[in-house]
Each structure stands twice: as C-alpha cells, then as structure tokens.
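The values are calculated or read from the model by the stated rules, or taken from the named source; none is laboratory data. As the structure is a computational prediction, the values presented were derived from the model and not from experiment. Cβ placement follows ideal geometry from the backbone for every residue including glycine, while neighbour counts extend to all protein chains displayed. Accessible surface is based on the protein model in full, side chains and every heavy atom, while ligands, DNA and RNA are left aside. Shrake-Rupley method; radii C 1.70, N 1.55, O 1.52, S 1.80 Å.
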Amino acid sequence: MRLTKLARHVRSGIHSIRTRLILSYLAIALLPLAILGWLSVKVYLGSMTERVTDYSAEVVNRVAQDIDEYFRDIDFLLTRDPDFYIDQFIKLVQNNSVTNSRKYVFRIWEDFNNLRRVKPGLEDLAITFGDGRILSSYGFYYTDYVPQDSELKLVGPRVNRFGREVVTMVRPYTAEGGRDVWVSADINLERLASMANLKASPRGYVYIMDRDGQIVFSPHGHEVDNSEKVLINTVDSEVTGWKIVSVVYADEVEAELAYLKRLTYGGIILVLVGVGFLAAYLSHAISHPIRRLQEFARQATLDAAAEDLPVAGRDEIAQLSTDFRTMLARIKELMSENLKEQKLLRKLEIESLTNQIKPHFIYNTLDMIIGQLEKEQTEEAIYLIEALGNFFRLSLSQGREVVQVASEIEHVRNYLYIQQLRHGQGYQYHIQVQEAEVLDYLMPRLLLQPLVENAIFHGILPADRPGRVEVVVSRSHDGIVFTVADNGVGMEPGDVEQLNRILAGEAAAQENRPCFGLLNVQKRAQLIFGPSYGLTLDSEPGQGTRTILKIGFLDEQLALDTSESA
Amino acid sequence: MGDLHKSTACAGIIVVVLILACWGALAAEQLTIGFVPRSLGNPIFLDAFENAHQKALELGVRVEWLAPFDFSTEGQLAVIESLIEQGVDGIVVSVNDVPEIQAAIQRALAQGIPVITFDADSPGSGRLFHIGIDNFKAGWEAGAALVDIVRARGMDKQHLTAVIMTGEPDALNLVQRIDGFFTAIGGKLDLQVDEVLHNQDNVDLAIIMVEDYLKHNPDVDVFFFVGGWPFYVPSDAMPAFKQWAHAGGIAVGIDIFYDALLLLRDGVLQYLVGQDMASMGALGVELLVDYLRTGRLPGTDFVEVGLTYASQENLQELLQIYEPWLVK
C-alpha cells in the first residue's frame with residue numbers, strides 16, 4: 001500500500017512541471033557538453049598519438065645515434081694503427097715465450113686500463129689468441145670463447161669472466177703476425193642501458209635487438225613485455241646493425257587522456273550542478289506560483305478567501321494569478337448577488353403567496369359557499385369549492401416555482417371567478433390567449449394574479465359601476481406579453497408616471513401609496529429575465545388602466561435552475 | 001731373427017701406446033694455477049709474472065695471471081671469486097690480511113682449491129703456506145743501513161725527522177718491514193716520524209706524493225720507502241726528491257730493480273734491500289703444482305726467499321746483473 005502510494009508519488013513527481021523543466025534544462029546543458037567532450041577526446045587522442053609517435057621516433061633516433069657514436073669510437077680503438085707493444089707481445093706468445101715480455105705486457109695493461117678509464121662503459125679490452133689465451137686489462141689468462149670471424153662482429157650479451165653482463169665487439173687484429181689474433185672490447189650493459197634510458201613515456205622503454213631478433217638489451221631483462229597493447233617505433237643502428245625499438249604503452253596515451261576526461265567530466269558535473277541549481281531555481285520560480293495558484297484554486301473550491309492569494313512579480317503567472325483572483329472575486333460577487341436575488345425572489349414569492357391567501361379572502365369565500373348551500377345552490381357551491389380548491393392547488397403548485405402559462409391562466413381564471421362571486425357579479429372578465437402555443441411555455445408562478453387583483457380592487461371596485469377585466473396573452477419575438485386591462489377608475493397621468501418610475505427603480509415607493517403587488521411582480525420578472533422585461537402601466541382617469549407584463553422564454557434548464565435556486 | 005723383429009716391433013708399439021696414453025692423461029689433467037698479484041699496475045710483480053709463466057711451461061700447467069690494475073680489496077675479491085668460479089686447480093695470492101680476503105680464501109679452500117700466498121701473507125685465512133721474504137728482516141736491514149749512513153755523516157747525535165712511504169695499511173708484509181726498520185734503529189738514532197704516506201700500492205700516486213711532500217717539507221732528514229713504488233722513473237723525473245737528496249737527505253728503501261739502481265747511482269737513494277720476486281713467482285707455481293700432483297707440502301708454512309742488498313759498494317756489479325725493464 002505504501003509502495004503503491006510511493007509509486008504514485010514518484011509518477012506524480014516525474015510528471016510535474018518542475019521535474020520536466022529540470023530534466024529539460026539538464027538535457028539541454030548535457031547534450032552539447034557531451035558532444036564537445038567526445039569530440040575533444042577524439043581530437044586530443046589523435047593529436048597525442050601523433051605527438052607520442054613523433055617523440056618516440058626522436059627517441060629511437062637519438063638512442064641509435066648515441067649507440068653508433070659510441071661503438072664507432074670503440075671500433076676506432078680496435079682498428080687503430082698497429083701497436084708496437086701488442087705486435088711484440090703477440091710474437092712472443094705465438095712463440096710460446098713470455099720471457100722478457102714484461103715491457104710489452106705492462107704497457108698493454110696500462111694502455112688498456114687507461115682506455116677503460118677514459119671510456120665509460122668500456123668494461124675490458126683484450127687480445128685473444130687462437131689457443132684461448134687472452135691478454136686483457138685484467139691480466140693474462142685463458143678463455144673458452146675464441147672468435148672465428150674475419151670481420152667485425154658483435155657478440156652477446158654474455159657474462160664475462162667477472163660476472164658482468166657485456167656486449168663484446170671483436171675484430172681480427174690486422175698487424176703483422178696477427179693471424180689468429182683478435183682484439184676485442186667488452187661494453188657493459190649498464191652503458192647500453194644508460195644510452196637507451198630515453199623513453200617516450202613514463203612507463204615506456206627502449207630495447208635493443210640484434211640482426212637475428214635476439215634481445216641485446218631490455219629493461220625487462222632479455223625479454224620484451226608483450227602483455228599489453230603498445231606503440232612501437234624502430235630504427236636501425238648503422239654501426240652495430242641493431243634494431244632500436246621504442247615502446248610506448250597505449251594505455252599511457254589513454255592515461256594522459258584521463259586528465260582531459262576528468263576535466264571534461266568535472267566540467268560536465270560542475271555545469272550540471274550549476275544548471276541543476278539554475279533549473280531548480282527557474283522551475284521553482286515558474287512552478288511555485290503555479291502551485292500556489294493550484295493550491296489557491298483548490299482552496300477556492302473549498303470557499304477559502306481568494307483575497308489571501310499572494311501574487312508577486314510581473315510575469316505571465318503573476319498576471320494569471322491576478323486575473324484568477326479577479327475572476328474569483330467576481331464569481332464570489334456574482335454568487336453573493338445571486339444569493340441575494342434568490343433570497344429576495346423567495347421572499348417575494350412567499351409574500352405573494354401570503355398575500356393571496358388572506359384570511360378574509362378565505363372566510364368570505366367560505367361564507368359564500370355556506371350561503372349557496374343554504375340557498376340550496378348546490379351546483380354553484382360545488383363549482384365554487386372546486387374553483388377555490390384549484391386556486392389553492394395552483395397557488396402552491398406542489399412547491400414548483402415555474403409553471404406552464406396555461407396553469408397560471410387557469411389560476412387567474414379561478415381567482416377571477418371567486419372574486420366575481422364575492423363581489424356580486426359586479427364585473428365581467430375575459431381571458432384571451434392569442435397564440436395557443438404560448439400555453440405550453442413556462443413562466444414563474446403567481447406573476448399574473450397580482451395584476452388581476454389590482455385591476456379588481458384598484459380599478460373596477462372603486463368605480464362603483466359594472467366593470468370588465470380583460471386578460472390577453474400574446475407572444476412577441478422575445479417573450480410572452482400579458483396584458484391586464486380594466487375599465488375602472490383609472491389614474492392621473494402623474495400617478496401613472498410616478499408609478500412607472502417606481503417600477504423602473506427610478507423612484508422610491510411612497511409610504512401612503514403602497515404598490516407592493518406590482519413591485520413584487522416587477523422585481524421577480526426582472527430578477528429572472530433581466531431589466532428589459534417587467535411591467536409597464538398605462539392609464540387614463542375614468543377610463544381604466546392597462547398593465548402590461550412582459551417576460552422572456554424560459555427553457556427547461558433555466559426553469560430548472562430557477563426552481564432549484566429558489 | 002724374424003721373431004726378434006716381431007718382438008721388437010711389438011715392444012715398440014707398446015711403448016708408443018704407453019707414451020700416447022701418458023700424454024693423453026697428462027693433457028687431460030693439465031692444471032691451471034690462478035696467480036693474483038696485488039695489482040697489475042705495480043711493476044714489481046713483473047719478475048714473478050715472467051718466472052711463474054716460465055715455470056708453468058716447464059711443468060706443463062697453465063697460469064692465469066689476474067689482478068685489478070690498481071690495488072683494491074674489492075678488485076682482488078672479484079678476481080679470486082672468478083677463479084673459484086672457473087674451477088682453477090690452485091691459487092697463489094698476494095693480499096691484505098683482511099676479513100673479506102680471508103673469507104674468500106676460505107671459500108676457495110672449502111671448494112677444494114688449495115690457496116697459498118706470496119709477497120703479502122694472510123695467515124688468518126688458512127692458506128696452505130706463504131712464499132716470501134722475511135719482511136721483518138728486510139726492514140731491519142734497511143734500518144741498520146740507515147744507522148750506518150747517519151753515523152758516517154756524523155748525524156747520529158742529532159734529532160732527525162723522517163717520513164715513511166708505505167702501500168696499504170692492512171698489508172702484513174709492509175707492517176712487518178716497518179717493525180723491523182724501527183727495531184734496527186731503536187736506541188741508536190733520535191728519529192721522529194713526521195708523516196706516514198700511504199700510496200695505495202699505486203706507482204703513479206707514489207711519485208706524486210713523494211714530490212709533493214718534499215716540496216712542502218724539504219727539511220725532513222730521512223725517507224724510508226717500505227716498497228719501491230716510486231723507483232720506476234729517472235731521478236730527473238722527481239726533481240724535488242733529487243734536490244732534497246743532493247741537499248743531504250737520506251733515503252733508504254726496499255725493492256731492487258734496474259730503475260731503482262739508477263736512482264742509487266744518481267745519489268738519490270742511499271741503500272736498498274731487495275726481494276727476490278722472480279723466485280716467488282717460480283716457487284709459487286712449482287710448490288703448488290707439486291702439492292696438487294703429489295700432495296706434498298714444503299714442510300713449513302713459510303717458504304723464504306732471500307734478500308739482496310744494494311749500496312754504492314756493489315752498485316756496478318748489480319747494474320750488470322739486473323736488466324732494464326723500461327716499463328715506465
């Protein structure tokens with residue numbers, strides 16, 4: 001249950017304007033950054049690979065140059081002009097005599113050791129004889145290695161007599177009597193290592209390979225690390241024929257990119273954080289008023305005070321809030337007016353009803369019925385009772401506020417009949433409906449009866465002569481017109497005018513000249529149909545009065561609304 | 001007659017076969033002796049070098065002559081280790097009597113390689129025996145000669161100052177010579193040693209040190225050379241030394257060879273005691289090969305070679321005996 005609620009909350013959050021705004025802003029910021037970062041990495045990787053390759057080529061060229069220079073010097077030592085002391089020593093040895101060799105052997109040792117001192121990396125110089133005897137800077141001894149080559153040759157790496165790893169450069173000694181004699185130089189691997197100590201990258205290295213593909217020197221011993229993807233650059237040494245190989249690990253190049261990547265990612269994160277805050281602020285600035293408005297609307301539906309809505313800013317949302325507040329105020333005002341109107345209408349109806357059901361009206365009518373019964377005018381009595389019953393039934397109309405025109409006409413007819421009997425047939429009445437279709441129209445009840453009552457009591461009866469009440473119902477283009485005319489005493493023009501002004505709301509009703517019934521009808525008609533509808537009076541003294549009531553068409557919905565609001 | 005011919009032919013074949021067999025066995029057993037002087041750069045060992053090789057030729061063995069050019073214990077250790085590694089049959093060394101060398105010799109002995117010393121002994125190493133001079137006696141003879149010279153000059157009542165040049169402080173033979181020297185002059189001369197110069201067994205350095213010292217201390221009375229390191233150059237190559245000696249300085253020393261005799265002739269040196277390095281070389285090979293082949297030892301752990309003496313009295317005779325080396 002909680003999960004469902006949480007999921008609903010999340011879904012609601014995701015679909016909120018604020019979330020969508022934030023995600024949109026982030027997407028807008030992330031997309032160009034990601035594209036730019038990707039392009040930067042690609043371009044930088046290419047550039048860096050090219051740079052590393054160039055530098056690696058420089059490295060191997062430099063190493064090859066150093067090696068060539070060094071071995072050229074060594075070869076120069078080996079190919080120098082025939083040395084008198086060496087020549088004499090060779091002759092003595094080849095004659096198997098070392099007697100009186102001291103002069104030569106000592107000079108050779110001294111010479112060889114001096115060369116060792118001045119040439120770093122030169123581990124030993126030696127003269128090797130075909131029988132394995134060797135005179136070197138370390139003495140005069142025997143060796144298992146006897147060169148057989150007739151040309152310059154590089155041998156090794158190998159471990160020399162004293163446990164040092166060396167590369168031996170050997171060539172035949174060319175002096176007289178130097179047959180089967182070789183002169184050689186041992187170069188220690190530390191020297192090669194120092195010459196190959198250039199590298200194109202922190203983990204990269206340079207190794208040296210001979211013509212046969214054997215490793216001469218490598219920082220990894222006599223092997224090459226093949227466990228990783230590498231960038232290789234090679235160059236051949238002219239003097240030695242060796243291949244100088246520079247190795248750069250590919251991941252090192254990529255590792256250098258890591259900085260750029262970190263920078264890019266950092267930038268993206270920073271921008272995203274910044275955009276996130278900005279988006280949160282902007283979305284808050286936009287969604288907050290909307291949410292306030294939403295909250296306010298919700299409160300408004302609960303009849304909360306619309307005036308409490310705080311509206312800040314000048315943007316569209318603020319304007320919308322202002323309009324919304326105005327609209328709510330107007331709605332409230334209209335509702336208030338409507339309430340007042342409905343209350344008034346109800347009051348008017350009650351008053352109208354109360355006015356009709358006056359006690360003496362009832363008593364007199366009942367007296368008339370009793371009198372007719374006493375006179376055994378049973379049929380008239382029944383008819384009168386029936387008219388009275390219809391009168392009350394129609395007055396109440398089962399609580400409905402809207403009745404058919406036919407019903408209202410019937411109500412007036414009963415009223416006129418009863419009043420006619422009450423007042424001794426002192427007047428005639430006639431009801432004329434000009435268009436029968438009008439009878440089916442709807443209208444507020446008890447609008448017509450007050451007019452008829454006025455015609456009887458204020459027109460016909462004061463005239464003290466037989467009178468006539470004429471009721472005409474007709475249809476106009478915008479409503480239904482009821483005309484109630486009498487031939488009674490009529491009114492002075494000033495009174496008519498004053499009365500019409502009162503009905504039009506232009507003047508107040510006078511205390512001594514009550515016109516309660518007319519005002520009641522007028523207000524009710526105008527409340528329901530508007531100010532263009534209502535009553536107008538026309539009268540001439542001694543000629544009678546004509547009252548015209550115009551009402552609008554009530555459709556079913558309006559009738560229903562009117563009835564419900566009442 | 002025919003039988004006689006057949007018998008003679010068979011005997012000849014047998015003899016040839018036996019000779020070839022013995023020759024093959026001999027070749028298969030050709031011994032290798034490692035010879036380790038203190039340094040290659042000190043010409044004093046050249047006599048030993050030549051004579052050791054000559055003796056090796058005579059005995060049908062190999063000699064491997066190995067040393068650092070300039071003396072150093074580390075260099076000697078590397079050489080001894082290389083000989084052990086090569087599996088030579090015996091080793092002859094002139095070393096400092098220091099623990100590192102002792103240990104190296106003991107390693108060789110432990111691997112069945114007999115080791116003897118020459119010139120400079122290492123009695124603490126367990127070597128089989130030592131071949132050399134009586135170093136104490138050599139020093140004593142030099143001291144006694146100094147006393148005679150001083151007395152002859154009427155300086156024996158004076159307070160004398162002296163400087164001593166030696167090689168390595170740990171060389172036992174040099175220490176013994178100095179002991180003998182002071183024993184000889186003890187109570188006879190009022191000799192005060194102002195300085196002891198250590199030349200690290202380096203000939204070139206020895207010459208520089210002598211010249212430098214005498215330039216700054218020309219008033220020193222006596223110079224005692226425990227070995228002949230600076231004697232390989234003509235007197236004119238050491239002007240300060242020559243000037244000092246001609247001004248009355250007295251120089252005595254140990255080691256006799258042709259160039260040293262020339263210095264004696266020029267009056268730069270007054271007396272020399274010589275050691276027979278040639279015999280040391282020859283005996284080193286001979287006695288060790290004999291031990292390897294027969295198991296016989298000399299019967300003593302010190303095989304002494306004789307001393308020779310040089311002064312103005314026998315100079316011309318000696319110049320006829322010694323040949324110039326011309327190594328410097």
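Of note:
- Residue in the range B:151-168 that is within 21 Å of residue B:270 (Cβ to Cβ) and either assigned to a helix (DSSP H, G or I) or not assigned by TED's automatic domain parsing to the domain that holds residue B:203 (or both) present: yes
- The residue that is modelled with the lowest pLDDT, among those in the range A:154-172 that are within 14 Å of chain B (Cβ to nearest Cβ) and part of a strand (DSSP E or B), is A:159.
- Search result, residues across the range A:88-100 that are open to solvent by 20 Å² or more (accessible area, probe 1.4 Å) and at negative phi: A:88, A:91, A:92, A:94, A:95, A:97, A:99
- Some residue of the range B:173-183 being surrounded by fewer than 22 Cβ atoms within 10 Å (Cβ to Cβ), in contact with a strand residue (DSSP E or B) (Cβ under 6 Å, 6 or more places away or on another chain) and of a type outside the set (Lys, Arg): no
- Residues of the range B:55-90 that turn out to be in a loop (DSSP other than H, G, I, E, B), within 11 Å of chain A (Cβ to nearest Cβ) and surrounded by fewer than 21 Cβ atoms within 10 Å (Cβ to Cβ), as a count: 1
- Matching residues in the range A:520-558 - criterion: being under 16 Å from residue A:493 (Cβ atoms) and either open to solvent by less than 30 Å² (accessible area, probe 1.4 Å) or touching a Lys or Arg at 6+ places or on another chain (Cβ under 6 Å) (or both): A:537, A:538, A:539, A:544, A:545, A:547
- For the range A:107-153, a residue qualifies if it is small (Gly, Ala, Ser) and more than 10 Å from chain B (Cβ to nearest Cβ), and the qualifying residues are A:121, A:126, A:130, A:150.
- Contacts under 6 angstrom Cβ, first residue in the range B:300-315 being part of a loop (DSSP other than H, G, I, E, B), partner among the polar types (S, T, N, Q), 6 or more apart: B:305/B:279
- Any pair with Cβ under 6 angstrom, 6 or more apart, that starts in the range B:53-66 at a residue that is touching a residue at least 60 places away in the same chain (Cβ under 8 Å) and over 16 Å from residue B:293 (Cβ atoms) and ends at one that is open to solvent by 20 Å² or more (accessible area, probe 1.4 Å) and among the acidic types (Asp, Glu): none
- Enumeration of residues in the range B:113-150 that are of a type in the set (Phe, Trp, Tyr) and either open to solvent by 10 Å² or more (accessible area, probe 1.4 Å) or part of a loop (DSSP other than H, G, I, E, B) (or both): B:129, B:136, B:140
- Looking across the range B:282-328, the residues that are small (Gly, Ala, Ser) and more than 14 Å from chain A (Cβ to nearest Cβ) come down to B:284, B:295, B:299, B:306, B:310, B:311.
- Scope the range B:169-187; condition of a type outside the set (Gly, Ala, Ser) and either outside the structural domain of residue B:198 (by TED's automatic domain parsing) or at pLDDT 90 or above (or both); matching residues: B:174, B:175, B:176, B:177, B:178, B:179, B:181, B:182, B:183, B:185
- If the condition is being without any contact (Cβ under 8 Å) to a residue 60 or more places away in the chain, more than 14 Å from chain A (Cβ to nearest Cβ) and open to solvent by less than 10 Å² (accessible area, probe 1.4 Å), then the range B:96-112 contributes B:101, B:105, B:108.
Table: residues versus (1) among the hydroxyl-bearing types (Ser, Thr, Tyr); (2) away from every other protein chain (no Cβ under 14 Å); (3) surrounded by 13 or more Cβ atoms within 10 Å (Cβ to Cβ); (4) under 20 Å from residue A:128 (Cα atoms).
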residue	(1), (2), (3), (4)
A:32	no, yes, no, no
A:50	no, yes, no, no
A:61	no, yes, yes, no
A:64	no, yes, yes, no
A:67	no, yes, yes, no
A:84	no, no, no, yes
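- Residue within the range B:35-43 that is part of a helix (DSSP H, G or I), closer than 28 Å to residue B:325 by Cα and within 14 Å of chain A (Cβ to nearest Cβ) present: yes
- Test for residue B:257: is it surrounded by 21 or more Cβ atoms within 10 Å (Cβ to Cβ), closer than 30 Å to residue B:160 by Cβ and within 14 Å of chain A (Cβ to nearest Cβ): yes
- Here residue A:103 meets each of (1) more than 14 Å from chain B (Cβ to nearest Cβ); (2) in a helix (DSSP H, G or I); (3) open to solvent by 40 Å² or more (accessible area, probe 1.4 Å) with one exception, condition (1).
- Residue that is farthest from residue B:278 (Cα to Cα), among those in the range A:106-118 that are in contact (Cβ under 8 Å) with a residue 24 or more places away in the chain and open to solvent by less than 40 Å² (accessible area, probe 1.4 Å): A:115
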